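The values are calculated or read from the model by the stated rules, or taken from the named source; none is laboratory data. Small disclaimer: the values here were computed from a predicted structure and weren't measured. Neighbour counts run over all protein chains shown; Cβ positions are idealised from the backbone, glycine included. Note: accessible area is taken over every heavy atom of the protein model, side chains too, but ligands, DNA and RNA are not part of it. Shrake-Rupley method; radii C 1.70, N 1.55, O 1.52, S 1.80 Å.
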Amino acid sequence: KNEVEQSPQNLTAQEGEFITINCSYSVGISALHWLQQHPGGGIVSLFMLSSGKKKHGRLIATINIQEKHSSLHITASHPRDSAVYICAVRGNQFYFGTGTSLTVIP
Amino acid sequence: NAGVTQTPKFQVLKTGQSMTLQCAQDMNHEYMSWYRQDPGMGLRLIHYSVGAGITDQGEVPNGYNVSRSTTEDFPLRLLSAAPSQTSVYFCASSYSYEGGYEQYFGPGTRLTVT
């Protein structure tokens with residue numbers, strides 16, 4: 001049983017395309033995190049959300065608490081956005097999705 | 001701040017050997033945790049600590065021990081390595097604030113058990 005489900009698992013896009021990655025979760029949470037993991041393995045935090053919407057540059061994250069769903073959008077995608085994007089939630093402990101592998105082709 | 005540091009970055013062990021993965025943070029975070037990351041699976045919690053002297057088991061604790069004698073350090077010990085413990089291990093620290101939390105990850109340790 002996966003408390004956090006992400007879709008799609010893999011995504012290939014042309015440079016400049018608008019990208020959406022989805023996350024659904026089944027546990028009660030206090031907050032949701034979007035993480036980015038580059039080849040080579042380091043994991044960095046992109047957003048922490050407990051409600052509504054946040055925007056950092058070309059990245060936008062939204063969360064719908066009632067529907068237990070979050071989306072990460074990347075506008076005007078670029079090859080340097082190629083990475084694995086991981087959705088993580090904090091319930092009584094941290095739960096992680098399996099990640100979405102994004103490749104942006106020039 | 002160095003953030004969260006982990007050593008070693010790579011390690012190869014033979015079945016039955018023991019070793020300790022080191023983790024340290026300089027942000028004075030109370031909460032620290034160890035995860036393993038395997039292909040096709042999300043990060044899975046091994047052990048965590050909510051402060052010095054306090055540790056607890058996560059989802060996959062078997063074969064691992066931890067201790068937390070200081071706020072800064074949270075080592076993970078493999079007691080008798082098995083091939084099933086081949087994985088990438090991440091240490092993380094986090095802090096909570098009103099309305100949310102922030103989590104910081106170390107660079108990871110890639111462990112191979114032959």
If A:GLU5 satisfies every condition in (1) open to solvent by 50 Å² or more (accessible area, probe 1.4 Å); (2) touching a strand residue (DSSP E or B) at 6+ places or on another chain (Cβ under 9 Å); (3) not in a strand (DSSP E or B) but one, which is the exception? (3)
Considering the range A:71-93 alone, what residues qualify as being hydroxyl-bearing (Ser, Thr, Tyr) and within 14 Å of chain B (Cβ to nearest Cβ)? A:TYR85
How about the range B:50-62: which of its residues are open to solvent by 50 Å² or more (accessible area, probe 1.4 Å), within 14 Å of chain A (Cβ to nearest Cβ) and of a type in the set (A, V, I, L, M)? B:VAL50
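Could you tell me whether any residue of the range B:94-108 is away from chain A (no Cβ under 12 Å), open to solvent by less than 60 Å² (accessible area, probe 1.4 Å) and either in contact with a Gly (Cβ under 7 Å, 6 or more places away or on another chain) or of a type in the set (A, V, I, L, M) (or both)?
No, the range B:94-108 contains no residue that is away from chain A (no Cβ under 12 Å), open to solvent by less than 60 Å² (accessible area, probe 1.4 Å) and either in contact with a Gly (Cβ under 7 Å, 6 or more places away or on another chain) or of a type in the set (A, V, I, L, M) (or both).
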Residue hits (the range A:23-42; out of contact with any Pro (no Cβ under 9 Å at 6 or more places or on another chain) and at the interface with another protein chain (Cβ under 9 Å from one of its Cβ atoms)) are A:SER30, A:ALA31, A:HIS33, A:LEU35, A:GLN37
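Could you name every one of the strands (runs of 3 or more DSSP E) located completely within the range A:51-93 that has at least 2 residues being closer than 20 Å to B:TYR104 by Cα and open to solvent by 20 Å² or more (accessible area, probe 1.4 Å)?
Strands (runs of 3 or more DSSP E) meeting the threshold: A:52-56, A:83-90.
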Name the single residue, out of those in the range A:94-106 being away from chain B (no Cβ under 14 Å) and out of contact with any Leu (no Cβ under 8 Å at 6 or more places or on another chain), that is most open to solvent (accessible area, probe 1.4 Å). A:PRO106
Inspect all residues belonging to the range A:58-68 and state whether any of them is in contact with a His (Cβ under 7 Å, 6 or more places away or on another chain), aliphatic (A, V, I, L, M) and within 11 Å of another protein chain (Cβ to nearest Cβ). no
Flag if B:THR112 is at pLDDT 95 or above, over 26 Å from A:ILE29 (Cα atoms) and in a strand (DSSP E or B): yes
Qualifying position, being modelled with pLDDT under 95 and within 24 Å of A:GLY16 (Cα to Cα), among A:HIS56, A:HIS78, A:HIS73: A:HIS56
Pick from the range B:63-93 the residues that are part of a strand (DSSP E or B) and more than 14 Å from chain A (Cβ to nearest Cβ): which of them is surrounded by the most Cβ atoms within 10 Å (Cβ to Cβ)? B:VAL66
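Identify the residue in the range B:25-42 that is free of Cβ contacts under 8 Å to residues at least 60 places away in the same chain and under 14 Å from B:VAL4 (Cβ atoms) and, among all such residues, is nearest to the other protein chains (Cβ to nearest Cβ).
Going through the range B:25-42, the residues free of Cβ contacts under 8 Å to residues at least 60 places away in the same chain turn out to be B:26, B:28, B:34-36, B:38-42.
Going one step further and asking which of them are under 14 Å from B:VAL4 (Cβ atoms), we end up with B:26, B:28, B:34-35.
Values: B:ASP26: 17, B:ASN28: 18, B:TRP34: 11, B:TYR35: 8 Å.
My answer is B:TYR35.
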